[in-house]
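I have placed the structure first, in the form of structure tokens, so that the comments after it can refer back to it.
FYI, it's all coordinate maths here, none of it is from the lab. Everything quoted here is computed from the prediction, not taken from an experiment. Note: ideal-geometry Cβ built from the backbone for every residue, glycine included; neighbour counts use all protein chains shown.
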Amino acid sequence: MHWTYEELAPNVDDVLDITTPWQSAGTGTVGEPVRPKLRHTDPGMRRVRLGLFAAALATFALLYAPQPLLPQLAGTFRVSPAAASLAISAATFALAIAVIPLSSLSEVLGRRRVMITGALTAGVLGLAAPLAPSLPVLLAIRVLQGFALAGVPAVAMAYLAEEVERGSFGRAMGLFIAGNSIGGLAGRIVAGALADHGGWRIALACVAGISVICAVLFALLLPHSAHFTPAPPRVRGLLGTLRRNVTDGGLLRLYLVSFAIVGSLVTVYNYLTFRLSGPPFRLSATVIGFLFVAYLAGTYSSAAAGRAADRFGRYRVLCWALPVTAAGALLTLPDSLAFVVVGLLVLTGGFFAAHAVASSWVGARARVAPAQASALYTCAFYIGSSVAGSLGGVFYGFGGWPLTVAFVLGLLAIARASATSIRR
């Protein structure tokens, strides 16, 4: 019997329904005993949380470790701030390109295998980055890292959608996003602190070593899928589900929200490093790295937003999170370190709240191939990170920090308009 991709791909109503019979992955037998979908109070959820936390730590530490090092990279390779920011954009753009093929591959090979392979490969590539003799070589390694890292974020969303019951999905997604913020924070702080003592090469090498350890822990902790059914690689079915996921008006608006909110965050963090390393602040790389402690606001807000979305609805929480993010950007305008720190806390908290809600909304809305829909969201997310993150450097070069903040506010206005139109 030949099955179509649509018949085998997990429908969101099935993956979020605890009563759905399980078809054993790889066995083809239906009705075998299986663990129920996980609730947030179940002991098995602890291994899921710890495993995905380790994966998020490895992924986002590697992805954003160069951010506090951008002034040093610009000095070493004698390039502009916008060119130095390509060390971030190269990886995020490659991730955006690869995330759809890899998420589709996870429909065939399994979520767990794709995520673990990607995390381990990216960690090993990270060990090669400090050896780069020139910026083009560094960028090439970062592109390869981006391809490898693509195996984690969108596939993790699909894994959670399949393994976690409906009432706990928002909370589980919020906790995964919280792990993202911790990973981004750890990579930036470690890199910034080590850069002042050993330079950017030592900093990147140490972050890569930590990420390899986290990837190994991820492989050891993450439970095998109990509710995954493999699908054969059928191009026609893939194109059919892709068409449905890119023509759904609500999903398109969520993709645009993703593009805009991450573009605003990355713009602020990319070019704030240049602003703070120059007059009137003149901060060291270590101090700048520790300013990324503001990411802890995202650890709290993403988990809180997940709980609030389960209780009050995604639309309401998302429309509150976006103005909070804009307020944070405005608070960074004065030449006062206290205002900058408070602004970063507010902006980061608002961003991660919006991201947690929008990403979980995609998984709940997709009617076919939820991993693919999540991949499209992640694709838009990292295209926003790379394109808007680099474009922000042009605004910074022409008008300094005030024009950069204006660019950020424009992106957030687009996100708010898109979120509002979802309701209509």
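Can you tell me the orientation of helix 135-149 relative to the chain, as the angle in degrees between its alpha-carbon axis and the longest Cα principal axis, to the nearest 10? Long axis of 135-149 versus the principal axis of the chain: about 30 degrees. What is the calculated FRET efficiency for SER284 to ILE202, with r their C-beta to C-beta distance and R₀ = 22 Å, to the nearest 0.05? Computed FRET efficiency for SER284 and ILE202 comes out at 0.90. As a rough footprinting exposure proxy, the listed residues THR59, THR348, THR241 were ranked by other beta carbons within 10 Å of their own, and the order from fewest upward is THR241, THR348, THR59. May I ask for the angle, rounded to the nearest 10°, between helix 86-109 and the longest principal axis of the chain, with both axes built from Cα atoms and the value confined to 0 to 90°? The helix 86-109 is inclined about 10 degrees to the chain. Relative to the longest principal axis of the Cα atoms of the chain, the long axis of helix 235-247 makes an angle of roughly 60 degrees. Largest mean-square fluctuation among SER211, SER359, SER225, in a Gaussian network model of the chain whose springs join Cα atoms under 10 Å apart, belongs to SER225. Each other residue within a Cβ distance under 13 Å of TYR159 adds +1 if Lys or Arg and -1 if Asp or Glu, for a net charge of +3.
Give me the net charge for the shell around GLY118: Cβ to Cβ below 13 angstrom, other residues only, Lys and Arg +1, Asp and Glu -1.
Working: positive: ARG111, ARG112, ARG113; negative: none.
So the environment of GLY118 carries a net charge of +3.
With each run of n ≥ 4 DSSP H residues scored as -39500 (n - 2.57), what mean residue ellipticity at 222 nm is computed for the chain after dividing by its residue count and rounding to the nearest 500 deg cm²/dmol? After summing the helix terms and dividing by the residues of the chain, the value is -26000 deg cm²/dmol.
Among PHE395, PHE339, a tally of other beta-carbon atoms within 10 Å of each Cβ gives an order, fewest to most, of PHE339, PHE395.
Ranked by the mean number of other Cβ atoms within 10 Å of their residues, highest first, the peptides 399-410, 254-265, 128-139 come out as 254-265, 399-410, 128-139.
Taking the average, over residues, of other Cβ atoms within 10 Å as the packing measure, peptides 296-302, 313-319 rank 296-302, 313-319 from highest down. In plain terms, the residue of CYS214, CYS206 with the fewest other Cβ atoms within 10 Å comes first and the most crowded comes last, giving CYS206, CYS214. In this structure, VAL293 and VAL108 have a Cβ-Cβ separation that, at R0 = 41 Å, corresponds to a calculated FRET efficiency of about 0.50.
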